[in-house]
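K.L.:
First the structure, then my questions, so here it is.
Values in this text are rule-based calculations from the coordinates and carry no lab data. Predicted, not measured: the structure shown is a model, and the values here were computed from it. As a convention, Cβ positions derive from the backbone with ideal geometry for all residues, glycine included, and neighbour counts pool all protein chains shown.
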Amino acid sequence: MKATTIYDKGHQWIMFGRDPEKPESIIDTNQYMIVAGNRALLMDPGGIEVFAPMLGAILHHAKVDEITDIFASHQDPDIISSLGLWDQALPHAKLHSPWLWEGFLRHFGMNNIEYVGIPDEGNELNLGEVDVRFIPAHYLHSSGNFHVYDPKAKILMSGDVGAALEASEAPLFVEDFDEHIPKMEMFHKRWMPSNRAKNDWVKRVRTLDIEYMAPQHGRIFKGENVARFIDWFEALEVGVAIP
Amino acid sequence: MGAPTEPVEDKLVALASIAAELHSVMGVVWSVSLAGKNAKVISAQAGDKGLGFRPITESIDEISQQAIRGVDDISSEALRLSKIAVHEQRSIDAYQRFNSVIKKNVDAKYIKTILPAVNKVEQSMRASISEFKKSMNNLTLLLETMDQCMLTARAVASVSRIVTSSGQEYRDKLTVVSNDLDKAARYIKQRLLNSYRHLNNVNAQR
């Protein structure tokens, strides 16, 4: 599992992914962690299959008992099916996830970790040295869905929005936006079910100052590519499986 | 080339199968119980003439009650065992994954901080293994007791036939009851045999 520090000014943002040992048959995922002093927030920690490489990679950057918080943007297995294992590794941690999914996520096995349901309108989490905001992204693609915004680092962890399906050795950042479009077009058209939800999200994130948009699959958008993505997404017709 | 071997049944499947075998027995046991109670009523209605049948009808009723309790106990124990097995499997899985993290990341700065979690998981795993053993022994004992109960049931059915052969007006009704008891006992014995086979599969994997 490769770990790349994408922000390091007082607190750090670390991206984990591009695991060369990942079985071919499972989708490549990006996991993120904010390290702020002696507290860390692990975001969309991934499925059971990536648990061991993830934990191994994390232990280069933070102590186990410093990982005080976990965030799951929604309920999908590639996001959080490792919960039962984190539950045994981090028994004192808190899981922040949509309130809507609590009863479902507990099926992954949660006997120790505390579930902190995020209300529909979102809220904030204080990590000591930094506050992050849970931004509503309902129906993008899950009925209860949030993204994480760090106003200090100007990073939006955007879950499945901005995701691209490509090889696990792909570069970390989008270099040529136009060239990147075919890698994400089908994903957004099919996985995102609602134009109304999409436009609501577009309106909301346009009010945020974003330098990096970090999705759960594919590459990170940086600088002007963030605005280009938002414009492209706004114009895209989604929910195409309905004839 | 060796002889082909039968695939080993998964431990969790084997335990669920025991519960399923016993579930199918419950209906039979209840119908015997009902028949036993019916036999008691018949012998009571017979007044003095039915006195000779009473010990038999009492025995049938007692055996069916014992069988109901036995099936309940076995089902509960099999369910408990399944839960312990799932917990044990989860602990083993976590333990193995934690150890693979340690093995592959010896150079990680904070690798030692995972050790308390590894120890805790190891303790939980060992506790589950020990609890599983105890529960397996309980289940074996319960199956043996039930087996004994069915032997008694068959013996009572035989005696019942002899007694009813000397009876008169209630003979037919009680013969039906004793035949049902014998049939049920044979059916339950077969289910117990199947349960033993599943239990052996669980033991083979330990």
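K.L.:
Would you mind listing the helices (runs of 4 or more DSSP H) fully within the stretch A:46-157 where at least 1 residues are free of Cβ contacts under 8 Å to residues at least 12 places away in the same chain? Can you show your working first?
P.N.:
Values: elements: A:51-58, A:77-80, A:83-89, A:102-105.
Once the helices (runs of 4 or more DSSP H) in the stretch A:46-157 are filtered for at least 1 residues that are free of Cβ contacts under 8 Å to residues at least 12 places away in the same chain, what remains is A:51-58, A:102-105.
K.L.:
Tally time: how many residues in the stretch A:13-39 are within 14 Å of chain B (Cβ to nearest Cβ) and free of Cβ contacts under 8 Å to residues at least 60 places away in the same chain?
P.N.:
The total comes to 5.
K.L.:
Inside the stretch B:26-55, can you point out the residues that are closer than 16 Å to B:TYR187 by Cβ and out of contact with any Leu (no Cβ under 8 Å at 6 or more places or on another chain)?
P.N.:
B:MET26, B:GLY27, B:VAL28, B:VAL29, B:TRP30, B:SER31, B:SER33, B:LEU34
K.L.:
Does A:LYS203 satisfy the condition of being surrounded by 13 or more Cβ atoms within 10 Å (Cβ to Cβ) and over 17 Å from the mean Cα position of the chain (by Cα)? Can you show your working first?
P.N.:
Numbers: surrounded by 13 or more Cβ atoms within 10 Å (Cβ to Cβ): no; over 17 Å from the mean Cα position of the chain (by Cα): yes.
In short, no.
K.L.:
Looking only at the stretch A:1-47, which residues are under 13 Å from A:ILE79 (Cα atoms), buried (at least 23 other Cβ atoms within 10 Å of the Cβ) and β-branched (Val, Ile, Thr)?
P.N.:
Listed by number, the list holds a single entry, A:THR29.
K.L.:
With the structure loaded, tell me whether B:ARG97 is free of Cβ contacts under 8 Å to residues at least 60 places away in the same chain, of a type in the set (Lys, Arg) and farther than 30 Å from A:LEU85 by Cβ or whether it fails that test. Walk me through it before giving the result.
P.N.:
Values: free of Cβ contacts under 8 Å to residues at least 60 places away in the same chain: yes; of a type in the set (Lys, Arg): yes; farther than 30 Å from A:LEU85 by Cβ: no.
Here the answer is no, as B:ARG97 does not meet what is asked.
K.L.:
Okay, next question. Taking the condition hydroxyl-bearing (Ser, Thr, Tyr) and within 14 Å of another protein chain (Cβ to nearest Cβ), does B:THR113 pass?
P.N.:
Values: hydroxyl-bearing (Ser, Thr, Tyr): yes; within 14 Å of another protein chain (Cβ to nearest Cβ): yes.
Taking the combined requirement at face value, the residue satisfies it.
Listed here are the residues, each with its yes/no results for (1) within 20 Å of A:ALA57 (Cα to Cα); (2) over 13 Å from the mean Cα position of the chain (by Cα); (3) among the small types (Gly, Ala, Ser).
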| position | (1), (2), (3) |
| --- | --- |
| B:SER59 | no, yes, yes |
| B:ILE63 | no, yes, no |
| B:LEU79 | no, no, no |
| B:SER82 | no, no, yes |
| B:LYS109 | yes, yes, no |
| B:PRO116 | yes, yes, no |
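K.L.:
Further, regarding this structure: Whether any residue in the stretch A:178-193 is touching a residue at least 40 places away in the same chain (Cβ under 8 Å), on the phi < 0 side of the Ramachandran plot and not in a helix (DSSP H, G or I) is what I want to check.
P.N.:
Yes, the stretch A:178-193 has at least one match.
K.L.:
Give the residues of the stretch B:122-162 that are more than 23 Å from B:ARG191 (Cα to Cα), among the hydroxyl-bearing types (Ser, Thr, Tyr) and surrounded by 14 or more Cβ atoms within 10 Å (Cβ to Cβ), sorted by residue number.
P.N.:
Listed by number, the residues that qualify are B:SER124, B:SER128, B:SER160.
K.L.:
Residues being more than 7 Å from chain A (Cβ to nearest Cβ) and either in contact with a Lys or Arg (Cβ under 8 Å, 6 or more places away or on another chain) or part of a helix (DSSP H, G or I) (or both): count how many of those fall in the stretch B:99-109.
P.N.:
Initial filter on the stretch B:99-109 (more than 7 Å from chain A (Cβ to nearest Cβ)): B:99, B:102-103, B:106-107.
With the extra rule that they be either in contact with a Lys or Arg (Cβ under 8 Å, 6 or more places away or on another chain) or part of a helix (DSSP H, G or I) (or both), the set shrinks to B:99, B:102-103.
Of the residues in the stretch B:99-109, 3 are more than 7 Å from chain A (Cβ to nearest Cβ) and either in contact with a Lys or Arg (Cβ under 8 Å, 6 or more places away or on another chain) or part of a helix (DSSP H, G or I) (or both).
K.L.:
Could you please find all residues in the stretch B:35-51 being without any contact (Cβ under 8 Å) to a residue 24 or more places away in the chain and within 16 Å of B:VAL176 (Cα to Cα)?
P.N.:
Hits for the stretch B:35-51 are B:LYS40, B:VAL41.
K.L.:
Inspect the stretch B:52-75 for any residue being outside any helix (DSSP H, G or I), over 30 Å from B:LEU22 (Cβ atoms), basic (Lys, Arg) and free of Cβ contacts under 8 Å to residues at least 24 places away in the same chain and give the result as yes or no.
P.N.:
First, the residues of the stretch B:52-75 that are outside any helix (DSSP H, G or I): none.
No, the stretch B:52-75 contains no residue that is outside any helix (DSSP H, G or I), over 30 Å from B:LEU22 (Cβ atoms), basic (Lys, Arg) and free of Cβ contacts under 8 Å to residues at least 24 places away in the same chain.
K.L.:
How many of the residues making up the stretch A:223-243 are outside any loop (DSSP other than H, G, I, E, B) and either closer than 14 Å to A:GLY162 by Cβ or in contact with a strand residue (DSSP E or B) (Cβ under 6 Å, 6 or more places away or on another chain) (or both)?
P.N.:
First pass over the stretch A:223-243, keeping only residues outside any loop (DSSP other than H, G, I, E, B): A:224-235.
Retained after the next criterion (residues that are either closer than 14 Å to A:GLY162 by Cβ or in contact with a strand residue (DSSP E or B) (Cβ under 6 Å, 6 or more places away or on another chain) (or both)): A:225-234.
Result for the stretch A:223-243: 10.
K.L.:
Hey, another quick one. Can you find even one residue in the stretch B:84-92 that is surrounded by 15 or more Cβ atoms within 10 Å (Cβ to Cβ) and away from chain A (no Cβ under 14 Å)?
P.N.:
Yes; the residues of the stretch B:84-92 include at least one that is surrounded by 15 or more Cβ atoms within 10 Å (Cβ to Cβ) and away from chain A (no Cβ under 14 Å).
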